[in-house]
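Inspection log for the structure reproduced underneath, given as structure tokens.
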Amino acid sequence: MNSRIFTATLVSFLLAGVVLAHSYLSSSSILANSILKTMPENLILGFSEPLEIGFSSFKVYKLETKTTDGAKLKLEAQALVTRVLALKNDLTKRADDGLETTASEAALVKLKLKLNLKSGIYVVMYRVLSVDTHITQDFFTFSLSSH
């Protein structure tokens, strides 16, 4: 009986490690909640493990808002992500010009940002498929200020 309990416990620990093996954002060339004076030419996102690039989505949108309240801003950003992340053929509405990363698998992803973007709040959003088949979705905001 003790060997069954030991085996069951061992299998549980091993499966728990697999379940927890999601890819998450580990670095970004633009930090969450940062305020930029000038927009860089690109955005580099680093993930904790390689992604299936062709089955992942990365977008940057300007958030049309007047709120300065952090909680409301987060809710508005989440609503934007829900509305636009799955859209196809929306490049003209976005603040990015698409992926510069051409590899089929990569842990570093580079997006080209559009030129002459206006001051405001921008939402970086992604839905990624890691090479171990786990899907992760998240977003963060940053501001561009001409002041």
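The values are calculated or read from the model by the stated rules, or taken from the named source; none is laboratory data. If you're wondering where the values come from, they're calculated on a predicted model, not measured in any experiment. Cβ placement follows ideal geometry from the backbone for every residue including glycine, while neighbour counts extend to all protein chains displayed.
Checking the condition exposed (fewer than 14 other Cβ atoms within 10 Å of the Cβ) and closer than 19 Å to residue 28 by Cα, which residue from 95, 79, 86, 103 passes?
None of the other options fit; the residue is 103.
Looking at (1) closer than 16 Å to residue 138 by Cβ; (2) modelled with pLDDT under 95; (3) not hydrophobic (A, V, I, L, M, F, W, C), which is the only condition residue 46 fails?
Against the list (1) closer than 16 Å to residue 138 by Cβ; (2) modelled with pLDDT under 95; (3) not hydrophobic (A, V, I, L, M, F, W, C), residue 46 comes up short only on (2).
Which residue, of 86, 107, is touching a residue at least 12 places away in the same chain (Cβ under 8 Å), more than 21 Å from residue 32 (Cα to Cα) and aliphatic (A, V, I, L, M)?
Numbers: 107 fails: more than 21 Å from residue 32 (Cα to Cα).
After ruling out the rest, the residue left standing is 86.
Please state which of the following conditions residue 22 fails to meet, knowing it meets all the rest: (1) at pLDDT below 85; (2) closer than 19 Å to residue 98 by Cα.
Every condition holds for residue 22 apart from (2).
So residue 39 passes all but one of these: (1) at pLDDT below 95; (2) among the aliphatic types (A, V, I, L, M); (3) part of a strand (DSSP E or B). Which condition number does it fail?
Against the list (1) at pLDDT below 95; (2) among the aliphatic types (A, V, I, L, M); (3) part of a strand (DSSP E or B), residue 39 comes up short only on (3).
Taking the range 54-96, which residues are within 22 Å of residue 40 (Cβ to Cβ), more than 17 Å from the chain's Cα centre (by Cα) and basic (Lys, Arg)?
Hit for the range 54-96 is 93, nothing else.
Residue-wise test of (1) at pLDDT 95 or above; (2) in a strand (DSSP E or B); (3) under 24 Å from residue 146 (Cβ atoms); (4) touching a Leu at 6+ places or on another chain (Cβ under 8 Å).
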site: 71; (1), (2), (3), (4): no, no, no, no
site: 77; (1), (2), (3), (4): yes, no, yes, yes
site: 80; (1), (2), (3), (4): yes, no, yes, yes
site: 106; (1), (2), (3), (4): yes, yes, no, yes
site: 115; (1), (2), (3), (4): no, no, yes, no
site: 121; (1), (2), (3), (4): yes, yes, yes, yes
site: 127; (1), (2), (3), (4): yes, yes, no, yes
site: 133; (1), (2), (3), (4): no, no, no, no
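Need pairs with beta-carbon distance below 7 Å; first residue of a type in the set (Ser, Thr, Tyr) and within the range 63-76, second modelled with pLDDT under 95 and part of a helix (DSSP H, G or I); sequence gap 6+ or separate chains.
What qualifies is 65/73; 67/73.
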